[in-house]
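Here the structure comes first, spelled out in structure tokens, and everything after it is commentary.
Where a number appears in this text, it was derived from the coordinates with a stated rule and is not lab data. This structure is a prediction, so every number in the text was calculated from the model and none was measured. So basically every Cβ, Gly included, is an ideal-geometry build from the backbone, and we count neighbours across all protein chains shown.
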Amino acid sequence: MKTTPFTDIHIALGAKMADFAGFNMPIQYPTGINQEHMIVREGVGVFDVSHMGEFWVKGEKALDFLQYITTNDVSKLEAGKAQYTCFPNGKGGIVDDLIIYKYSTTKYLLVVNAGNIDKDWAWVNEHNTFGVQLENASDRYGQLAVQGPKATEMLQLLTDADLSAIPYYAFREWSFAGVQGVILSNTGYTGAGGFELYFPKEHSQQIWDALFEVGKPFGLAPIGLGARDSLRLEKWYCLYGHDIDDTTSPLEAGLGWITKFDAKDFIDKEFLLQQKAEGVKRKLVHFECQERAIPRCGYEICDAEGNKIGNVTSGIMLPTTKVGVGMGYVKTAFAKKETIIYVKIREKLIPAKIV
């Protein structure tokens, strides 16, 4: 397994470690997932996300290239802003979802999912008919996500950049904890607010130590991937490999809002236009179980008669409400809000409401 700059720290802290996307990652610490979830919702926690991938795209045709290989309209990005988007795969599916950071019209940073780094790198190179300069910088960066309602106040103690002046989905490259050139990004995967920090990995220990020194009065705690999953599910954020993948279209996944047909030509545009005109046969829905139960990935979703209408893609018992919630694809006829569907758990049909 690969390691991050923080792997030894996680082990020393007693984290339960496991393989995630080929990396030895902390799933939870001795505090447990439920408590870690609440720390982020109510205070501030820090996630090691150094396994994520970073690609630089540079050159005169950088914008044209990104317009072609992604679904969102990159021309709308201003310098210092970020954009959520995806790579369509040429077959109606999704290669990956990602964030684009714009430095200038000739310089962009792409942040991709850890499990897709090699696949994405091959994909962008395969479609680089624009003569842009591509650099896979994934091994050069450490990344920490500092999330929670107290995150900004705490982080402000380590930089003279005015964090309150950086809006959502915007970023600055600034000095942080004595390290130059740290990317301070007002983004995250929790819905709890906060920043994601990108830095040369040789400064990882310095930044970790600085965070936990100023974080003592704020109750800062390390958070594992287990709570990362429960937090993103509570906000209905998709996870690649579960809720979206090479077999799911952006329109089926509810990502029509990042699919800008009128702005440009892009891979799969004609296919997706036809799918939009004809209507999708299935949709990704969010649901809450009406009885105490935990819907797991792969469980069947049925109608009232027990006929299969789809599958669960993600599910969990929420630490905040103690309600089983999930996401899954169902036939379009069953996708309307308030519809009662049934999750098949050990041959029993558990009612769930689409919300």
Inset, instruction - Note down the magnitude of the dipole of the chain about its Cα centre, charges +1 on Lys and Arg C-beta and -1 on Asp and Glu C-beta and zero elsewhere, to the nearest 20 debye. - result: 920 debye
Inset, instruction - Let me know the charge dipole size of the range 281-354 about its Cα centre in debye, to the nearest 20, where only the beta-carbon of Lys, Arg (+1) and Asp, Glu (-1) is charged. - result: 180 debye
Legend entry - Kirkwood-type radius of the range 1-159, with distances r between different C-alpha atoms, in Å: 17.4 Å
Inset, instruction - Output the Kirkwood hydrodynamic radius of the range 189-268, Cα pairs only, in Å rounded to one decimal. - result: 16.2 Å
Inset, instruction - Only Cα pairs under 8 Å and at least 6 apart count here; give the relative contact order of the chain as a rounded whole percent. - result: 18 percent
Inset, instruction - For the range 143-223, just say rounded, prolate or oblate: build the C-alpha gyration tensor, square-root its eigenvalues into a ≥ b ≥ c, call rounded for a/c under 1.5, and beyond that prolate if a/b exceeds b/c, oblate if not. - result: rounded
Legend entry - Charge tally in the Cβ shell below 13 Å around K216, where Lys, Arg are +1 and Asp, Glu are -1, K216 excluded: -1
Inset, instruction - Starting from the alpha-carbon convex hull of the range 136-293, give the projected area averaged over all orientations, in nm². - result: 13.1 nm²
Inset, instruction - Given a cut-off of 19 Å, name the pairs among K308/K344; K235/K344; K102/K276; K308/K331 whose C-alpha atoms lie farther apart than that in the structure shown. - result: K235/K344; K102/K276
Inset, instruction - Provide the net charge surrounding Y103, with neighbours chosen by a C-beta distance below 12 Å and charges set as Lys +1, Arg +1, Asp -1, Glu -1. - result: +3
Inset, instruction - From zero up to wherever the largest Cα-Cα distance of the range 212-355 sits, split into 5 Å bins and tell me the percent of pairs in each. - result: 2, 9, 18, 19, 16, 13, 9, 7, 5, 3, 1, 0
Legend entry - Gap separating the Cα centres of the range 2-51 and the range 59-88, nearest whole Å: 32 Å
Inset, instruction - Round to a whole angstrom and tell me the spacing of the C-alpha centers of the range 220-285 and the range 158-174. - result: 28 Å
Inset, instruction - Putting +1 on Lys and Arg Cβ atoms and -1 on Asp and Glu Cβ atoms, find which of V343, G131, N89 reaches farthest to the positive end of the dipole of the chain. - result: V343
Inset, instruction - Any of K283/K348; K260/K348; K281/K348; K2/K281 with alpha carbons more than 31 Å apart? Name them for me. - result: K260/K348; K2/K281
Inset, instruction - Inverting the mean 1/r over all pairs of different Cα atoms, compute the Kirkwood radius of the range 281-354 and quote it in Å. - result: 11.6 Å
Inset, instruction - Would you calculate the volume per residue, in Å³, of the smallest convex hull containing every Cα atom of the chain? - result: 135 Å³
Inset, instruction - Among Y329, Y198, Y237, determine the one that fluctuates most according to a GNM of the chain built with springs between C-alpha atoms less than 10 Å apart. - result: Y237
Inset, instruction - Quick one: net charge around F334, please, counting Lys, Arg +1 and Asp, Glu -1 for every other residue with C-beta under 10 Å from its C-beta. - result: +3
